[in-house]
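Readers should treat all values here as calculations from the given coordinates under stated rules, not as data from a laboratory. As the structure is a prediction and not an experimental result, all values here were calculated from the model. Cβ atoms come from the backbone with ideal geometry, glycine included; neighbour counts cover every protein chain shown.
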Amino acid sequence: MDYEASLDRAMESVPDFRGSEDRLRVPDAQAQKDGAFTRLTNLNAIADALSRKPEHLHSAIQREFGTNGQIDENWARYNGSFSASDFEAAIESYMEEFVTCSECGLPDTRLTMEGRTQMLRCEACGAFRPVAKRTATSTTQNRAVLEEGKTYEVKITDTGRKGDGVAEKGKYTIFVPGAHEGDVVNIYIENISGTLAFARLA
């Protein structure tokens, strides 16, 4: 067998890593306001795309938001007001921790328990690592959802006593002069006091 034929056979046996990367299509998060709660209406579809159990993803999102929630057959509900971008940030964090291989960067992984340690094993490159247990201080429970001096997109859901537009984001109630109920606006956070935030139109 000549060199060219041997090289062709060797190349045929190499896994096609690029194909695995192309296969991962995570649906955009679909958030729906439900009174004092927010629903993620396509939790199952996102979990299926990641090859993870919906209950596992739901639990991680609760931890990221620092809130409680409920999971139903087709959707999940979380205490508080959260946007689609909030969910997508939580899902991205979940992928980094529980899905993406830290060596090759591909999502072809599975979670296993080895003794008392949860491991992430990559079926593409063979790498494996323990899933690090994150403490409460590293989750969004203790990180500010809003920061002074930053710009956010919000939906105005109410009107304050002085006529200011009122929006909610996580645990914060935001007052926005010049905004009206139903508007979706970009705001600049000028001041935060406890769970109250004061902003201007950006």
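Overview of results
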| item | result |
| --- | --- |
| Whether region 151-201 is rounded, prolate or oblate, judged on the alpha carbon gyration tensor where a/c under 1.5 counts as rounded | rounded |
| Spin-label proximity, Leu111 to region 38-60 - amide N less than 20 Å from point 7 Å beyond Cα toward beta carbon | 40-60 |
| For region 99-111, 3J(HN,Hα) per residue [Karplus equation, 6.51 cos²θ - 1.76 cosθ + 1.60, θ = phi - 60°, Hz, x = Gly/Pro] | 10, 7, 5, 6, 8, 9, x, 9, x, 7, 10, 9, 8 |
| By average C-beta atoms within 10 angstrom, highest first, the peptides 55-64, 96-105, 37-46 | 37-46, 55-64, 96-105 |
| FRET efficiency, 1/(1 + (r/R0)^6) with R0 22 Å, evaluated for Leu24 and Glu153 via beta carbons | 0.25 |
| Long-range HN-HN contacts of Cys125 with modeled amide H, under 5 Å | none |
| FRET efficiency estimate (nearest 0.05) - Cβ-Cβ, Ala36 to Ser193, R0 22 angstrom | 0.55 |
| Two-site FRET efficiency, Arg121 against His56, from Cβ-Cβ distance with R₀ of 22 Å, rounded to 0.05 | 0.90 |
| Candidate lysines - alpha carbon under 21 Å from Lys33, same-chain residues fewer than 8 apart omitted | Lys155, Lys169, Lys171 |
| Glu103-Ala202 pseudo-label distance in nm [points 7 Å out on the Cα-to-Cβ vector] | 4.0 |
